[in-house]
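Inspection log for the structure reproduced underneath, given as structure tokens.
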Amino acid sequence: MLFSDIADTFAKLESTSSRLEMTSILADFFKGLEPSDLRDIIYLSQGKLHPDFYPVELGMADKMVLRAIASASGFKDDKVEEMWLKEGDTGTVAEKLISGKKQMSLFSQPLTLKSVVSDLTKIETSEGKNSQEAKVKTLSGMLHDSGPTEARYICRIVSGRMRVGASAMTILDALAQCYADKESRPEIERAFNVTCDMGLVGEVLAKDGMEGVRNIQVKVGNPIKVMLAERLPSLGEVIEKMDGRCAMEFKYDGMRAQAHITKDSIKIYSRRLENLTDNFFDVGERLMQNLKGNEAIIEGECVAIDPDTGNMLPFQMVTHRRRKHGLDSAIRDIPVRIFMFDILYLDGKDLTNLPYEERRNILSQAFDMDDMVTLTTMEIVEDETQAESFFDKAIGAKCEGVMAKSLSDASVYRAGSRGFLWIKYKKDYHEALTDTFDLAVVGAFYGMGKRAGKYGALLMAAYDQDTGDFCTVCKLGTGFDDAFLDAMPALLDSTKVKDMPTNVKTGLDPDVWFEPKVVLEVAGADLTLSPNHKAAYGWVKDDAGIGIRFPRYTGRVRDDKSAEQATNVSEIFDMYEMQFSDGL
Ligand code: AMP
């Protein structure tokens with residue numbers, strides 16, 4: 001398969017912002033592909049060679065990519081760099097300069113999917129003293145054989161910024177359209193949610209059809225998309241929604257961990273499925289020791305513990321464990337306890353389809369519990385008074401609130417979905433009008449006066465799970481201290497793009513656009529209709545979306561969340577509606 005066909009398809013995808021159009025471009029392209037080629041193409045469309053959780057990334061520094069462009073195109077380094085400063089994207093630079101060179105080149109060989117994957121693998125795996133030079137050489141060789149469009153995407157892939165706009169959801173739509181039907185879409189998504197591997201799902205679907213997809217199960221080592229909770233504004237409503245009876249657990253203020261344990265290996269993934277094994281290696285070791293069986297996947301909340309008093313410490317303390325530098329001392333000084341709340345797999349059995357109570361029973365017997373590995377505190381509550389007193393206990397123990405969990409037969413572990421099988425109820429709901437929001441930064445406005453020369457305000461967006469778009473909800477300019485104002489470029493500039501990303505929806509026009517990557521926690525006074533903001537646009541009123549009034553940065557960068565895990569548009573809508581209910 002020629003790489004130019006793939007690059008042309010990426011270019012078609014990039015030229016549209018319509019998700020329907022992208023789906024049909026991809027579905028057409030997927031037809032008749034070899035299953036293993038389809039797998040590679042799916043990864044490449046995301047700018048990768050492997051699923052997201054794979055520990056090694058291509059990520060070549062821009063300066064190295066520029067050197068390869070200079071060497072392949074024959075243009076001088078400073079000319080290439082000058083163009084890059086103007087364009088802000090190595091892909092565009094390569095496209096422009098390689099096209100200038102093309103007429104002169106006589107000895108190019110057409111790139112194939114196989115040759116591109118093999119060269120990219122070489123770049124990814126090259127290590128040691130001369131590895132940077134080797135990478136530049138391999139890339140330059142690929143660019144030498146590229147046409148302009150191929151060059152654009154090769155540079156984007158190696159620098160880890162693909163930007164063709166085809167989200168995971170669009171790819172799943174296209175797979176359903178090409179190999180199955182609309183009705184099968186949820187089953188295809190389930191297979192993705194339990195493996196986090198779109199390439200694998202595509203390959204199985206192309207090879208074995210829906211039968212194969214239905215047989216895809218959770219697997220030790222492949223992270224599983226986490227199940228999430230809905231929220232309600234009062235404990236009375238929580239109990240009512242749970243039909244009068246549910247399990248209630250403390251809601252701990254720590255970091256979610258999904259641990260994949262075998263007798264001789266451990267992997268710990270964060271809620272956004274980053275590998276945090278090294279950061280929590282003490283917890284990991286203890287989980288391995290304490291597991292009674294051979295293999296398990298569990299979830300729990302890692303909470304920092306005061307070594308003197310044994311009390312739980314606030315979230316900020318456990319975030320020290322995310323450091324790259326000084327991790328050893330963080331591990332020594334800040335002991336952590338894992339409060340386990342779910343088990344998804346044990347010794348050959350996928351448990352995700354069992355109801356909550358069965359999973360909880362299995363979890364409670366699967367480990368020896370001690371000071372580092374323990375279960376969440378849980379009680380069965382049957383009315384509002386019992387719920388209130390359990391909530392008070394949780395707050396007394398320095399927890400954020402409670403998690404209500406359904407006891408119905410349908411209370412399976414729903415990977416990757418947010419629903420009312422779990423309902424969170426937090427202390428903030430008591431105190432303020434609304435909960436905080438976790439929002440993705442999609443743009444910035446330059447500051448004035450004291451903030452001249454800095455980003456003065458940020459454009460913030462919620463995630464629309466149905467469309468894969470990031471829809472703005474506020475312009476955030478309050479709550480920034482001097483340190484944060486200074487830190488903003490380092491935090492955001494690697495996500496800077498020239499034009500509005502196709503998956504961003506807003507009525508505002510910031511000075512700088514960002515790819516949605518960085519998530520910040522934002523508090524707000526209330527939610528209001530706004531013509532400029534596009535979250536839930538048209539849901540309440542034809543020509544308005546929902547915006548946050550008086551937004552304020554709380555000081556928390558939610559680096560444990562990916563942009564897709566930002567507060568979603570339907571939550572914003574529910575919270576808007578809640579403002580008018582009796583509960584608040
Ligand atoms: P939020 O981050 O506000 O959406 O709340 C959901 C998060 O609460 C989960 O992702 C977990 O990290 C955390 N959590 C704390 N305690 C529990 C618990 N008992 N059950 C499930 N999740 C919990």
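The values are calculated or read from the model by the stated rules, or taken from the named source; none is laboratory data. Values in this document were obtained by computation on a predicted structure and should not be read as measured data. Methodologically, a virtual Cβ is constructed for each residue, glycine included, from the backbone with ideal geometry; neighbour enumeration extends over all protein chains shown. Note: areas computed on protein heavy atoms with side chains; ligands, DNA, RNA excluded. Shrake-Rupley method; radii C 1.70, N 1.55, O 1.52, S 1.80 Å.
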Next item on the list: From (1) free of Cβ contacts under 8 Å to residues at least 60 places away in the same chain; (2) outside any helix (DSSP H, G or I), pick out the condition that doesn't hold for Glu57.
Entry: (1)
Check: Among the residues of the range 328-372, which ones are open to solvent by less than 20 Å² (accessible area, probe 1.4 Å), modelled with pLDDT of 95 or more and more than 19 Å from Lys405 (Cβ to Cβ)?
Finding: Val336, Phe367
Item checked: Test: residue in the range 467-477 that is within 16 Å of the ligand (Cβ to nearest atom), touching a residue at least 60 places away in the same chain (Cβ under 8 Å), touching a helix residue (DSSP H, G or I) at 6+ places or on another chain (Cβ under 6 Å) and not polar (S, T, N, Q) -> no
Next item on the list: Go through Ala490, Ala483, Ala462 for me and flag whichever is out of contact with any Lys or Arg (no Cβ under 7 Å at 6 or more places or on another chain), outside the structural domain of Thr90 (by TED's automatic domain parsing) and closer than 22 Å to Ser17 by Cβ.
Entry: Ala462
Checklist line | Qualifying residues in the range 311-327 (those that are in contact (Cβ under 8 Å) with a residue 24 or more places away in the chain, over 22 Å from the mean Cα position of the chain (by Cα) and surrounded by fewer than 19 Cβ atoms within 10 Å (Cβ to Cβ)) - the one farthest from the ligand (Cβ to nearest atom) | finding: Leu327
Next item on the list: Quick one: which strands (runs of 3 or more DSSP E) lie wholly within the range 378-448 and hold at least 2 residues that are assigned by TED's automatic domain parsing to the domain that holds Phe470?
Entry: 437-446
Next item on the list: Please identify the pairs in which a residue from the range 478-491 that is within 12 Å of Lys454 (Cα to Cα) has its Cβ atom under 7 Å from the Cβ atom of a residue that is assigned to a loop (DSSP other than H, G, I, E, B), counting only partners at least 6 apart or on another chain.
Entry: Leu485/Lys454; Met488/Lys454
Note to self: Quick check on the range 507-519. Is at least one of its residues in contact with a strand residue (DSSP E or B) (Cβ under 6 Å, 6 or more places away or on another chain) and farther than 30 Å from Glu21 by Cα?
What the structure shows: no
Next item on the list: Tally the residues that are open to solvent by less than 20 Å² (accessible area, probe 1.4 Å), within 16 Å of the ligand (Cβ to nearest atom) and of a type outside the set (Phe, Trp, Tyr), restricting the search to the range 259-274.
Entry: 3
Item checked: Tally of residues being buried (at least 20 other Cβ atoms within 10 Å of the Cβ) and without any contact (Cβ under 8 Å) to a residue 12 or more places away in the chain across the range 160-182 -> 0
Check: When you go through Arg245, Arg256 one by one, which is the residue that is within 16 Å of the ligand (Cβ to nearest atom), surrounded by fewer than 22 Cβ atoms within 10 Å (Cβ to Cβ) and of a type outside the set (S, T, N, Q)?
Finding: Arg256
Note to self: For the range 47-59: of the residues being among the aliphatic types (A, V, I, L, M) and in contact with a Leu (Cβ under 7 Å, 6 or more places away or on another chain), which is surrounded by the fewest Cβ atoms within 10 Å (Cβ to Cβ)?
What the structure shows: Leu58
